[in-house]
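What follows is a single structure, written as structure tokens, with notes after it.
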Amino acid sequence: MPSSNFVVCVRNAGYEAALERGKHYRLLSDADAAERGQLRIIDESGEDYLYPESCFSVPDAITICCADIGSVEKGRFGWASLSTEPDTEELSGRDIRTFSDFVAERLAAGNKVALGFECPLWVPIADEPSELTRARNGEGNRSYSAGAGAASLVTGLTEVAWILQQIRKASRDAKAFLDWGLFERVRSGLFSGKHS
């Protein structure tokens, strides 16, 4: 099997309780296991397990880039990146320009990039006008329209727009899409119910 940092489960016969088909798993280097036709993977708990190589395939290489949105001026912006390509280091930083330049460079080099932002970027539209400024489902009593929530929303909107503008300037030929469904958090209720 080609080398990669991640594999995707394509067959879980006999391992239904432990492996989820279609799920990506982090791959650990283990030459002895590879000689026996096995892969050592790590799950969310941090535990590693051996499974037959035939249960997995290698997905297309992708660079995952995430920004934790916060005040650039106060040093509260941060970012991290991880690639599924073998022998690539995890990168992180606190500079917004370095982040946008890094993403643009990856795109310009022909790499696929998954870009994520940790901040609110939408507001709920309720059916009832009296509920327009209430907290979203799953947020308890922390309304997005209160001071901290509104500040986070505005900071997110401005910084994300700036980042996307910088990426676009530097990599005009890159294609982009937004698949909202990939980012839904079903259990939290934020994307379901009356405030969606």
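What follows is calculated from the coordinates using simple rules that are stated; it is not laboratory data. Here the structure is a predicted model, which is why all the values come from computation and not from measurement.
Share of antiparallel DSSP beta bridges in region 63-188, in percent to the nearest 5?
Details: 9 of 15 bridges.
In region 63-188, approximately 60 percent of DSSP beta bridges are antiparallel ones.
Is the shape of region 63-188 rounded, prolate or oblate, going by the alpha carbon gyration tensor and its root eigenvalues a ≥ b ≥ c, with a/c under 1.5 for rounded and a/b larger than b/c for prolate?
Values: a/c = 2.11, a/b = 1.82, b/c = 1.16.
Verdict is prolate for region 63-188.
Looking at the chain as a GNM with Cα springs under 10 Å, which of Arg142, Arg97, Arg36 has the largest mean-square fluctuation?
Maximum among the listed residues: Arg36.
State the Cα centre-to-centre distance between region 102-180 and region 23-62 in whole Å.
Between the Cα centre of region 102-180 and that of region 23-62, the gap is 33 Å.
Springs between alpha-carbon atoms under 10 Å, Gaussian network over the chain: tell me which of Cys119, Cys66, Cys55 tops the mean-square fluctuations.
Largest GNM mean-square fluctuation: Cys55.
Taking only DSSP H segments of four or more residues, each worth -39500 (n - 2.57), what value at 222 nm results for the chain once the sum is divided by all its residues, to the nearest 500 deg cm²/dmol?
On the way: 3 runs with 42 residues, N = 196.
Helices in the chain give a 222 nm mean residue ellipticity of -7000 deg cm²/dmol.
On C-alpha positions alone, give me the angle between the axis of helix 96-108 and the longest principal axis of the chain, in degrees, nearest 10.
Between the helix axis and the principal axis of the chain, the angle is about 50 degrees.
Rounded to whole Hz and in sequence order, give me ³J(HN,Hα) for region 59-67 from the Karplus expression 6.51 cos²θ - 1.76 cosθ + 1.60, θ = phi - 60°, writing x for Gly and Pro.
Couplings: x, 4, 5, 8, 9, 9, 10, 10, 10 Hz.
Quick one: helix 147-170 against the long Cα principal axis of the chain, what's the angle to the nearest 10°, folded into 0 to 90?
Its long axis makes an angle of about 60 degrees.
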